[in-house]
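Right, one structure below, let's go through it.
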Amino acid sequence: MTSAEISLDAAVLHDLEAAIQREWLITNGIGGYASGTVTGINTRRYHGLLVAALDPPLGRTVMLAKVDEVVSVAGQDFAIGANEFRPDVIHPQGYALLNSFHLEGQVPVFGYNVGPSVLEKRIWMAHGRNTTYVAYTHRSGSEPLALTVRLFTALRDFHGLMRGSDHARPAVTIHDTTYATVTAHEIESPLHLILAEGGRFEAREEWYWNYVYRVERERALDFMEDLYHPVDFTVELAPGESAYLIASGEPLENIEHDAPRALRTEQERIGALLRQAAIDPLDDPMGAQLVVAADQFLVQRTLAEGERSLTVIAGYPWFGDWGRDAMISLPGLTLATNRSDAAKGLLRTFAAYVSEGMIPNRFPDVGEVPEYNTVDATLWYFQALHVYLEETRDYKLLRELLPTLKDIVHHYHSGTRYNIHVDPADGLVWAGEPGVQLTWMDVKAGDWLPTPRIGKPVEIQALWYNALRLLERWCNAAEEPVEEIPEWRALIEQHFMDRFWQEEGGHLYDVIDGPDGNDPALRPNQVLALSLPHALVPDDKARQVLDAVTETLLTPVGLRSLAPGDEQYRGHYGGSLWDREGSYHNGTVWGWLIGPYLDALLRYSNDTAAAKAVLQGLVAHMTDGALGTMSEVFDGDPPHAPRGCYAQAWSVAEVLRHWRALAV
């Protein structure tokens, strides 16, 4: 287990505005999760104690939304729950009794001062199961305490909101004092509620109205919900005693009823991950926490009837598994944690779905057609494979994949979906169609494309060139014919700098040959022409690019997506959908970009002290947003508040990759 490096003291916990921004996340390895704020107030529609992946890794459903507790001890009652209701009412205010919080691995631990006693609360999930456990332990004090826990359900898709009515009451069945079920006709699986180590259920069957989710309000979305209160459970705890609530969307026979054993199983699993990663949590607690965070994104999915494979959840709470994110994240999530078998599984899985020279952008559910609307995901596949081969020397896998790799480059050269093809005049990849976003700057709002990037984007050329160089080397090693690859590569070398260098700005164009000509905007995409194994930029020009990026785009939490001062720059990511989408790649900071930036910094300056300082800024974020993990994006303007998904795979992966390499 990791040490309590991720911890909050009473000063933060009692400050509502500070504490309500701190979120915790638990995952179950199949796409389900539990999440909330340390205050106990749900601020998102996506928060819940059991958000089950009923069609793993998707089909995410808020089953148990929250619990509110009341503790009675020494003749006094203490409400330790907390909610925000309309109009701007916080009730109760149990966070004022919260005196400690820390993470044990991914398990949040809350300590409440209740009169002369301390009540400790732990939450965890069963790995591979849609089951959440909540443990209550009477940690100190000489008198027994009585605990009443009110349970609140939503039983809805996690993107939706529940509005209560007498016609939409879930069915509540108390089978005996320690087992109850709650069923809604919209949800195939019932919510099983089980008590371990004492206690009893009592029916309540009532609605609570007008919960306010402040983050949804900030995002200009519907932000109020009603929750159903099906049952309470009550229990008396002597000092040192514990009680356990189990909430599950699993068939009853798949639920582990022994809660202490379930906790030991999760602790042993995390311990095994850390041993496999060869990391000592006492020597490197933040590195250990990054390893735990990395594991949260690696999940199982069904490819065909009865066939299971590993994939990568791009981000919590709302993203699914995406090809681009998986390939960029693979080195950090798997190889930096000594999980090469997981890397191999991912590479094989995506290779099996190559079509017309492309891997899927959105991975298919069973029976669905994959989506291939990306120009860069397939080229990132070559980079992921390269790192895997450097780590493992698994040339058997290389020989297995070589026909697929050759097929990819020939499709890219001759032409594939979305007008992706090589321009024979300069050897560069041209891509794009009206209304389609193919690069990682892929936001689209209605028919509006804030960053269309049709033409020849700079990072696509860097990725294409590296794919050719790598394939040429792999063919030579396997004594396979290289065919036209050397000629294609040489054409890029001849023309890239002439086409992309802009002397006046001292950096590269972002896109050339687009509908409006060449785009001179200073964006971070050009860093990939410096950071990938085979650089396309001469050293003197590369240092100019690096200086320009450092001066204008670098922040303590990543790289801005556009330079301040550009007329398109937006320094705050928030507001309506149109406001958010307009700023998403026009100034918003992206954490994952710190990976290629540090690759370039170390290549051209070898300044490890500067690289470590950059990493420390990002690691500090692990205590001010989603605790123990890293956000998707941040405001471009200081203080660079975290935004978007509160846990993002490639943010964690790129920081972990460099953290391990630099032994910070």
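The values are calculated or read from the model by the stated rules, or taken from the named source; none is laboratory data. For clarity, every value in this text was computed on a predicted model and none was experimentally measured. Note that each Cβ is placed from the backbone with ideal geometry, even for glycine, and that neighbours are counted across all protein chains shown. Just the protein is used for accessible areas: all its heavy atoms, side chains included, with ligands, DNA and RNA removed. Shrake-Rupley method; radii C 1.70, N 1.55, O 1.52, S 1.80 Å.
Worth a mention:
- Shape call, segment 79-122: gyration tensor on alpha carbons, a/c limit 1.5: oblate
- Under 5 Å, built H, 5+ apart or other chain: amide partners of SER100: GLY111
- Given charges at Cβ of Lys, Arg, Asp, Glu: the chain dipole, positive-most of ILE90, ALA542, LEU428: ILE90
- Once the convex hull of all Cα atoms in segment 536-578 is built, its volume per residue stands at 117 Å³.
- Heavy-atom surface of the chain, accessible at 1.4 Å and reported per residue (Å²): 35
- Degrees separating the helix 377-392 axis from the principal Cα axis of the chain, which is the longest one: 80
- Per-peptide packing, taken as the mean over residues of other Cβ atoms within 10 Å, places 495-503, 104-112 in the sequence 104-112, 495-503 from highest down.
- Look at where the Cα atoms of segment 162-233 and of segment 401-443 average out, and the two centres are 49 Å apart.
- Every pair of different Cα atoms in segment 503-555 enters the Kirkwood calculation, which places the hydrodynamic radius at 11.6 Å.
- Where ASP284, ASP540 fall by accessible area, highest first, once all protein chains stay in place (1.4 Å): ASP540, ASP284
- Calculated over segment 51-143, the projected area of the Cα convex hull averaged across directions stands at 7.7 nm².
- Candidates GLY105, ALA600, PHE496 compared by Cα position along the dipole of the chain: farthest toward the positive end lies GLY105, with charges placed on Cβ.
- Against the main long axis of the alpha-carbon atoms of the chain, helix 458-477 sits at an angle near 80°.
- Acute angle (nearest 10 degrees) that the helix 340-351 long axis makes with the longest principal axis of the chain, alpha-carbon atoms: 70
- Normalising the Debye intensity of segment 556-623 to I(0), with uniform scatterers on Cα atoms only, and taking log10 at q = 0.21 Å⁻¹ returns -0.89.
- Karplus-derived HN-Hα couplings along segment 246-263 (A = 6.51, B = -1.76, C = 1.60, θ = phi - 60°), whole Hz, x at Gly and Pro: 10, 10, 8, x, 7, x, 4, 6, 9, 9, 6, 7, 8, 4, x, 5, 4, 5
- Student exercise, segment 69-221 dipole from Lys, Arg, Asp, Glu Cβ charges, in Debye to nearest 20: 240
- Between amide H atoms placed 1.01 Å from N, distances below 5 Å from ARG156 occur with VAL62, all of them 5 or more places distant or on a separate chain.
- Evaluated at q = 0.11 Å⁻¹, the base-10 log of the normalised Debye intensity for segment 505-664, with identical point scatterers placed on the Cα atoms, takes the values -0.42.
- For segment 409-420, 3J(HN,Hα) per residue [Karplus equation, 6.51 cos²θ - 1.76 cosθ + 1.60, θ = phi - 60°, Hz, x = Gly/Pro]: 5, 5, 5, 4, 6, 7, x, 9, 3, 6, 6, 6
- Each Lys and Arg adds +1 at its Cβ and each Asp and Glu adds -1 at its Cβ; summed about the Cα centre, the chain shows a dipole of about 680 debye.
- Accessible-area composition of segment 8-81, carbon plus sulfur, in percent [1.4 Å probe]: 46
- In this simple spin-label approximation, ASP176 and ASN606 carry label points 7 Å from Cα along the Cα→Cβ vector, and these lie 7.2 nm apart.
- Overall form of segment 238-318 per C-alpha gyration tensor (a/c, 1.5; a/b vs b/c): oblate
- Its Cα centre serving as origin, segment 596-664 has a Cβ charge dipole (Lys and Arg +1, Asp and Glu -1) of approximately 260 debye.
- For segment 589-628: rounded, prolate or oblate by the Cα gyration tensor [a/c cutoff 1.5]: oblate
- Within segment 308-369, the ratio Rg/Rh, alpha carbon atoms throughout and Rh by Kirkwood, equals 0.96.
- In this simple spin-label approximation, ARG217 and ASP423 carry label points 7 Å from Cα along the Cα→Cβ vector, and these lie 5.1 nm apart.
- Orientation-averaged projection of segment 266-404 equals 9.4 nm² [convex hull of Cα atoms, one quarter of hull surface area].
- Protein accessible area in segment 311-356, 1.4 Å probe - carbon and sulfur %: 44
- The chain, helix-only ellipticity at 222 nm - DSSP H runs n ≥ 4, -39,500 (n - 2.57), divided by all residues, nearest 500: -9000 deg cm²/dmol
- With a 1.4 Å probe rolled over the protein heavy atoms of all chains, the accessible area of TYR584, TYR597 falls in the order TYR584, TYR597, largest first.
- In the calculated pair-distance distribution of segment 367-500, the portion above 19 angstrom amounts to 53 percent of the Cα-Cα pairs.
- Nonlocal Lys pairs with alpha-carbon distance under 24 Å, the chain (8 or more apart, or different chains): 7
- Here the 3J(HN,Hα) profile of segment 83-95, calculated from phi with Karplus coefficients 6.51, -1.76 and 1.60 at θ = phi - 60°, is 8, 10, 10, 6, x, 6, 10, 9, 7, x, 10, x, 4 Hz, Gly and Pro shown as x.
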